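The values are calculated or read from the model by the stated rules, or taken from the named source; none is laboratory data. Quick caveat, the model's predicted, so the values are computed rather than measured. A quick note on method: Cβ atoms are made from the backbone with ideal geometry, for glycine too, and the neighbour counts reach across all protein chains shown. Quick note on the areas: whole protein, heavy atoms, side chains included, nothing else; ligands and nucleic acids left out. Shrake-Rupley method; radii C 1.70, N 1.55, O 1.52, S 1.80 Å.
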Amino acid sequence: MARDLAGKSFKAPDNKLPDSLKDLDYDRYRAIRFLPERSLWRGENLRFEAQFFHRGFFYTNRVDIFEVKNGQATKIVYQPDLFSFGETAPPSSGVDLGFAGFRLHAPINKPDYYDEVCVFLGASYFRAVAKGELYGLSARGLSINTGETKGEEFPSFRTFWIEKPAANANSIVVHALLDSESAAAAYRFTIRPGDTTVFDVEMALYPRVNLEHAGLAPMTSMFFFGPNDRKDVDDFRPSVHDSDGLAVFNGRGEELWRPLHNPKDLQISSFADINPRGFGLMQRQKDFAAYQDLESNFERRPSLWAEPIGDWSEGSVKLIEIPTKEEIHDNIAAFWQPKEALAAKSEHTYTYRLHWGPDAPKPSSLARFSRTGIGARGDDTTIFVLDVTGEQLKSVDPKTIRGVVTAEKAKVRNVVTQPNPATGGWRLSFELSKKKNPVEIRASLMQENAAVSEIWVYRWTP
């Protein structure tokens, strides 16, 4: 279906709604609730249930959803009595509006309660949580022209097929059809909730045009401020973010950590690579004291790790940081961009695994940078204070530890490494002479000639 769709001219999705559902504001849309007792598979003693979202507000595009049972797909027909409408007048019965999206529920925190595990809603966005977590960042099926001056294109999932799980199955399969001006694609998601919720993703992409700026395994998040970025912030909270850094395990065996930043101007960073081992937007800081927010509970937001499977060839991990003055906006994007354009009228297949949870799936033995603090020291100097933690640091000979810091076109002074008894780790600090232009910095801890930490990379902007 995706291949055939890509051979035809793009047709915009159906976004027509009855008058009573047009121009809904946030509160009126939120008042339209799916009735839990009408959940798909309710009462069948399966480990999964599905609920559906009504169209309206930002989510006007029609999405068709099918249940797949015994190899046969049956359309799930929209009915007004699936929902309560609050003060909004429901549409006439017999009108098939389709849906805006859906969510899956499964017992991941308590054996007798079906928690919301993941949601597919809006364009090609979807989110998931693991045990004990709250929704935070989002993934997307595909991004096109993200960060480009000509403007971004937003592909949309048009149709979903949800396979009815077998009794006692701990995974569920969802198929999706995506369409956009420039491409169509087919997806198969195998979803396994748990301590880490895992999506196995298989995709086949069919461009209508040459895709020079396609983003694979894209993810979006929010970074408002933190200890590295509090200039002009007047807020009682120490930090506000859904993710605090980009981690990259590249094909050369390097492990990079890039703290996120809320810049004054759009910033695009590119980490060139061949066959990356993984990348993700991570929420490493899990301490409530780092946020002091009783409502948002940022310490419970998941990290999202993308693990490519097979040959992804040459390309780069892209990081987009967009200025924002409010925490309600997702201003961070990360994705894999192939070096060569994806040719029109051809098939491009990719397989990858998404891990939603507290950490990357296979934590490294290297020590990690747990905090980045930045401040002014005098009129022409900036001080960087980096905390590093890891079990291996507790047994190393302090005399053999040294910090290595390099900066592009800037002078680094007063590099100091010392134990941090409060964390059981080490602290690496250094000073940088202020420049008028952005400066790329790299830092790591070495024991003699061997790396004992990941590589901290940062773009400091004056």
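If you check Leu24 against the conditions, is it open to solvent by less than 80 Å² (accessible area, probe 1.4 Å), closer than 18 Å to Trp161 by Cα and in a loop (DSSP other than H, G, I, E, B)?
No.
Take Asp359 and decide whether it is over 23 Å from Arg192 (Cβ atoms) and either of a type in the set (S, T, N, Q) or part of a loop (DSSP other than H, G, I, E, B) (or both).
no
Where residues in the range 401-410 are in a strand (DSSP E or B) and touching a Leu at 6+ places or on another chain (Cβ under 9 Å), which of them is farthest from Arg377 (Cα to Cα)?
Ile401
Only residues that are open to solvent by 10 Å² or more (accessible area, probe 1.4 Å) and either touching a residue at least 24 places away in the same chain (Cβ under 8 Å) or on the phi > 0 side of the Ramachandran plot (or both): list them for the range 317-327, please.
Those that are open to solvent by 10 Å² or more (accessible area, probe 1.4 Å) and either touching a residue at least 24 places away in the same chain (Cβ under 8 Å) or on the phi > 0 side of the Ramachandran plot (or both): Lys318, Ile322, Pro323, Thr324, Glu326, Glu327.
What is the residue count in the range 344-381 for residues that are within 30 Å of Lys8 (Cβ to Cβ), open to solvent by 50 Å² or more (accessible area, probe 1.4 Å) and out of contact with any Lys or Arg (no Cβ under 9 Å at 6 or more places or on another chain)?
Total satisfying the criteria: 2.
So which of Arg413, Arg427 ends up being at negative phi, assigned to a strand (DSSP E or B), modelled with pLDDT under 95 and open to solvent by 20 Å² or more (accessible area, probe 1.4 Å)?
Arg413
Considering each residue of the range 204-236, count those that are in contact (Cβ under 8 Å) with a residue 12 or more places away in the chain, of a type in the set (D, E, K, R) and surrounded by fewer than 18 Cβ atoms within 10 Å (Cβ to Cβ), and give that number.
1
Just the residues that are part of a loop (DSSP other than H, G, I, E, B), over 30 Å from Ala167 (Cα atoms) and open to solvent by less than 20 Å² (accessible area, probe 1.4 Å), please, taken from the range 33-67.
If the condition is that a residue be part of a loop (DSSP other than H, G, I, E, B), over 30 Å from Ala167 (Cα atoms) and open to solvent by less than 20 Å² (accessible area, probe 1.4 Å), then Arg55 is the only one that fits.
So which residues in the range 81-102 are at pLDDT 95 or above and either in contact with a Cys (Cβ under 9 Å, 6 or more places away or on another chain) or surrounded by 15 or more Cβ atoms within 10 Å (Cβ to Cβ) (or both), if there are any at all?
Correct list: Leu82, Phe83, Phe85, Leu97, Gly98, Phe99, Ala100, Gly101, Phe102.
Within the group Asp273, Asp244, which residue is buried (at least 17 other Cβ atoms within 10 Å of the Cβ), among the acidic types (Asp, Glu), in contact (Cβ under 8 Å) with a residue 40 or more places away in the chain and closer than 16 Å to Ser370 by Cβ?
Asp244
Return the total of residues in the range 430-440 being assigned to a strand (DSSP E or B) and either crowded, with 17+ Cβ neighbours inside 10 Å or of a type in the set (Gly, Ala, Ser) (or both).
5
Considering only residues of the range 187-203 that are closer than 25 Å to Glu299 by Cβ and touching a residue at least 24 places away in the same chain (Cβ under 8 Å), which is most open to solvent (accessible area, probe 1.4 Å)?
For the range 187-203, the residue satisfying everything is Asp195.
Name the pairs: first residue in the range 418-434 and under 27 Å from Gly378 (Cβ atoms) and among the charged types (D, E, K, R), second residue at pLDDT 90 or above and open to solvent by 70 Å² or more (accessible area, probe 1.4 Å), Cβ to Cβ under 7 Å, at least 6 apart or on different chains?
Every condition considered, the pairs that remain are Arg427/Gln418; Glu431/Arg413; Glu431/Asn414.
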